[in-house]
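Report on the structure given below.
Nothing in this text is a laboratory measurement; each read-out follows from the coordinates by a stated rule. As the structure is a computational prediction, the values presented were derived from the model and not from experiment. So basically every Cβ, Gly included, is an ideal-geometry build from the backbone, and we count neighbours across all protein chains shown.
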Amino acid sequence: MDKIIIQGGVPLTGSVEASGAKNAALPLLAAAILIDGPVRYRRIPHLRDISTMMTLLAWQGADVAYDDQHCLHVDTRPADKPEAPYELVKTMRASAIVLGPLLARFGKARVSLPGGCAIGARPIDMHLKGLEAMGADIEVEQGDIVATASKGLHVARIVFDQVTVTGTENLMMAAALADGETILDNAAREPEIVNLAQSLRALGAEIQGDGSDRITIQGVARLQGGDITSIADRIETASYLAAGLITGGDVTVTDTDPAMLDAFLARVQDAGAIVETGDDYIRCKANGRLQSVDIHTRPHPGFPTDLQAQFMAMMALAEGTSVVHESIFENRFMHVQELARMGADIRLDGNTAVVSGIDKLSGAPVMATDLRASASLVLAGLAAAGETTISRVYHIDRGYERIEEKLGKLGAHIVRHSVSENWMQGAMLNA
Ligand code: EPU
């Protein structure tokens, strides 16, 4: 298990390129199951969840290969196992997004039911309800969702009780090959949904309204092979901009899209940062100490829950008191206790955190608990006086490609230490 060690207190400056988005690439790869031909994927980040998805597609019988560093070739025509077994997908919550495509293509699917997660229960009831409305019979057997649609999926009008990102993606993919018109109401509007819809459209799908809360899908008989490109990772982009701001620096992220980050950029401007944007870059420059700002997480285009922890790290050092309200996940404050170990003054009350800004954080050994919580600890470590050691960094590796290399390029003093498994086992036996 690796550790990341940071010597904090260095203002980060310079420019770094955004990677492709994990949360776009995962549904785009799941969509391969629907496509009757070879697909060339571009801008796919090297991350653990992506490798899991590639392993799953290969296990199902697809041809999967890297063409070059971030380009993948996937052809699911030889695939013949409409399953996602526990052993392969237990580490990846997003495994449920293969359910819609498998059902649409094979009329049946057996997919391991995702377990709970550090940030909340994360049920997938709305995915299942939608698939049932499209004619699927669904049972849970031995921890797996067993779904059948022996006569194929039919169209439906689905109104989501609550906005769900992967739920919208799952049903959009399921409906792509159904006979007739499916309407998804109260659909998610995240840029990753638009990326998926645009990609499927380019291969023959008839989808309208993506980016709004009503998506209409007219089923087609076949989707042909072609090229698919992931959008930039907006959460990674904002995390590097936050790294610049929390250290009093000046960071530019290139190959990204400022329009995806309106809510975040508005809040950092409110906090006093200087923000400059171009067609494909964002620069954020500190302008004295950050001022406290309140945030309330919401589905897109609101403030993203995936940036709540990173914003809180910035607010821990801001002037004044800020209120952070988390409305998407019930348990997404695991970073609070770790930030407190570094001196942060944060009071929790249900799904609200009251952050009283302090002058200085101090380095400490801390533990990553989930992906975005880990990113907030990295940010705090970059700003803190002295050394911060972050353990359980496999959480970070699920969503940040080459994080220490990218931060190093911006001037951070950050290294990764690999702790050998043998040593760990020995230590555990001796414990
Ligand atoms: N929900 C239900 N029932 C469902 C589906 C969702 O109750 O059937 C609830 C969830 O428990 C949550 C809310 O609805 O309270 C929204 O969840 P959503 O379904 O939108 O989340 P998701 O699709 O599982 C994706 C991202 C998350 C991101 C959320 C919210 C992917 C692969 N994951 O998850 O990303 O936080 O949307 O924007 O796209 C991350 O990257 O760190 C991450 C957790």
Total formal charge among the other residues, if their Cβ is under 12 angstrom from that of Ser322, Lys/Arg +1 and Asp/Glu -1: -2
Can you compute log10 of I(q)/I(0) for the chain with the Debye formula, treating each Cα as one identical point scatterer, at q = 0.06 Å⁻¹? -0.25
With the 8 Å Cα cutoff and a minimum separation of six or more residues, the chain has a relative contact order in percent of 21 percent
Stokes-Einstein diffusion coefficient for the stretch 1-101 at 4 °C in a medium of 1.567 mPa s, Rh from the Kirkwood formula over Cα pairs: what value in µm²/s? 86 µm²/s
Scattering from the C-alpha atoms of the stretch 86-163 alone, worked out with Debye: what is log10 I(q)/I(0) at q = 0.18 1/Å? -0.73
Please compute the Kirkwood hydrodynamic radius over the stretch 255-326, one decimal place, Å, based on all pairs of different Cα atoms. 12.5 Å
Can you work out the base-10 log of I(q)/I(0) for the stretch 47-114 at q = 0.15, 0.18, 0.23 1/Å, using the Debye formula on its C-alpha atoms alone? -0.45, -0.65, -1.02
Among Asp370, Asp270, Asp49, residue whose mean-square fluctuation peaks in a GNM of the chain (springs only between Cα atoms under 10 Å): Asp270
Based on C-alpha coordinates, I'd like the Rg and Dmax of the stretch 36-168, in Å. 15.2, 42
Eigenvalues of the Cα gyration tensor times 5, then square-rooted: what semi-axes does that give for the stretch 178-303, in whole angstrom, largest first? 36, 17, 8
Checking the table Lys285/Lys409; Lys3/Lys285; Lys22/Lys90 against a 24 Å threshold on Cα-Cα, which pairs fail? Lys3/Lys285
Estimated translational D of the stretch 142-251 in µm²/s (Stokes, Kirkwood radius over Cα pairs; 4 °C; 1.567 mPa s): 82 µm²/s
Which order do the peptides 348-358, 102-112 come out in when sorted by mean C-beta neighbours inside 10 angstrom, highest first? 102-112, 348-358
Determine the shape class of the stretch 276-389: with a ≥ b ≥ c the square roots of the Cα gyration tensor eigenvalues, call it rounded for a/c under 1.5, and otherwise prolate if a/b is greater than b/c, oblate otherwise. rounded
Using θ = phi - 60° and the Karplus form 6.51 cos²θ - 1.76 cosθ + 1.60, what ³J(HN,Hα) does each residue of the stretch 162-177 get, whole Hz, x for Gly and Pro? 8, 5, 10, 6, 5, x, 4, 5, 4, 6, 4, 5, 4, 7, 4, 10
For Lys151, go through the lysines and keep the ones whose alpha-carbon is under 28 Å away, minus same-chain ones fewer than eight residues off. Lys81, Lys108, Lys129
